[in-house]
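The structure appears right after this line, and notes come after that.
The values are calculated or read from the model by the stated rules, or taken from the named source; none is laboratory data. Values in this document were obtained by computation on a predicted structure and should not be read as measured data. When we count neighbours, we look across all protein chains shown, and the Cβ atoms used for this are built from the backbone with ideal geometry, even at glycine.
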């Protein structure tokens, strides 16, 4: 796996290049450095938008040239227009942004796998290599940065020859339509995507070819994202051990959103814990293996110190067993106070634990503990994002045997994404020794897919030392689906049922005619209320055997007003299927967001997955009757919570 190779890199080890094998569970594309490249049908990063491009690479450059950048900048990614190029020059990772060539100073031409990410956030570019920020660049005010429609993998957008095309392997290229925070990048670096993740505009895992085999019939690199923006392949031999698909060893096995994947589970220090440096030795770092697969014996432990949301690496090594003394982790008799994050990756399957945050305090005054509660406000932003109310209780506990002292908090932030506003009481706020203070605030997540909130509290003790009293608290976000609050006129008509593929998938088509009391229409939500079925004979169907057959809407066939761009509230619970599964492409609740006149006729096509006949059984030998009941909610006016609903049921058979 690439993450294991990355560990070898961190400790100065070397490894033989992975070449073609007859079989392997993960593949990549090998580029010969001459004329091999992939060009997308259209660029997913056109204009001056925010975006994130990430992926894995392995350089096999052997041309011996050292002049940089002219004539020797080998591109992993090349975008035209104002130019964005990602690659390597004379064995050093570098980028070209606008009119500036920027080198990381970090060697990457060592025959090992490396992970990169380039994030455009407004006028600022952040460039990561192997999890570390290696370049930060602010665009000039003029000329305005704008990319055109050319996006190439393995070559400069303007051309390039032997010394400017990529020589080596490329895998797992992912393009997002937003500036992803570092935490989001780290969360998915060592696992697979499904292709339907929110904001994913391009996903090229290069897994379709036979490694080292005859692939001359394959002319396109497939885009697994909803964009289906495939790339045409030019120059590849597509047969033999090079200029072809070869074995990679990147993220494989578990999907990033699989709640039941085998992972290491941190135990100590615990999440949101506060450790006092004045109270003797720190506890050991310890963890356990959570999963049915064989127990790994070696883990990669990473520890970071968070300073104003910047991650500083403290420890990154292989550890035998399931514990290590804190003194070895900090490698110092006096670790610095502050907020820390630690995480584990097993070295067999490449799966990561959830990140754990804890605080080290050396204040003689005491410690601050926190309790955070977040609830739905039942209000929504104009784009449909839920609005939450938060209650944070901070308690100042004096160190035993001392009178303690007050603590003053100056800033609250949301380091994991989203925005915090309306903090009351206003900051700065002081908490006396032995007292607590309750803060309320409003929180809006960054995206529909954000499932947790982190609140970073930054303050200082009010004594002569003025040590920091920073802490970070994390809790899950409850689901917030809008509730009805107003009536209007809705008519569901012309409902037809069209059998789909595979058996058990049906398209429910019809029209929604609306006449709202005050427009415009801002959203339409469909919810499966109930599903019943009966098979004759009863043994000819397995019934509900997966999320996809439990009466859910399926992507991408479901459309509202002709659009497939629907919000899927992920199906994670199905009572007949333990343990609860997850599928980003299946949901009992979907929502269209847009703008239509108050009086409209809106077509819909709902692809519904239901129990079907046994696999391979002729449907004529298995008669199944279905009844599906659906609730339709229409949102209107200038407030996302103004809505009215109607229920309809449809009886049909296969």
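What strands (runs of 3 or more DSSP E) lie completely within segment 43-136 and have 3 or more residues being surrounded by 20 or more Cβ atoms within 10 Å (Cβ to Cβ) and either touching a residue at least 24 places away in the same chain (Cβ under 8 Å) or in contact with a helix residue (DSSP H, G or I) (Cβ under 7 Å, 6 or more places away or on another chain) (or both)?
Answer list for segment 43-136: 51-59, 73-81, 84-89, 92-97, 113-121, 124-129.
Of the candidates 213, 202, the single residue that is modelled with pLDDT under 95 and over 13 Å from the mean Cα position of the chain (by Cα) is 213. Every listed requirement among (1) at pLDDT 95 or above; (2) buried (at least 22 other Cβ atoms within 10 Å of the Cβ); (3) farther than 22 Å from residue 135 by Cα is met by residue 229 save one, (2).
Tell me, which residue of segment 386-408 that is under 26 Å from the mean Cα position of the chain (by Cα) and surrounded by 19 or more Cβ atoms within 10 Å (Cβ to Cβ) is modelled with the lowest pLDDT? Here the answer is 386.
Out of 183, 172, 197, one residue alone is in a helix (DSSP H, G or I) and closer than 27 Å to residue 449 by Cα. It is 183. Put simply, of 243, 227 the only residue that is touching a strand residue (DSSP E or B) at 6+ places or on another chain (Cβ under 6 Å), assigned to a loop (DSSP other than H, G, I, E, B) and within 21 Å of residue 585 (Cα to Cα) is 227. Taking segment 410-445, which residues are farther than 20 Å from residue 277 by Cβ and in contact (Cβ under 8 Å) with a residue 60 or more places away in the chain? Of everything in segment 410-445, those that are farther than 20 Å from residue 277 by Cβ and in contact (Cβ under 8 Å) with a residue 60 or more places away in the chain turn out to be 413, 415, 416, 417, 431, 442, 443, 444, 445.
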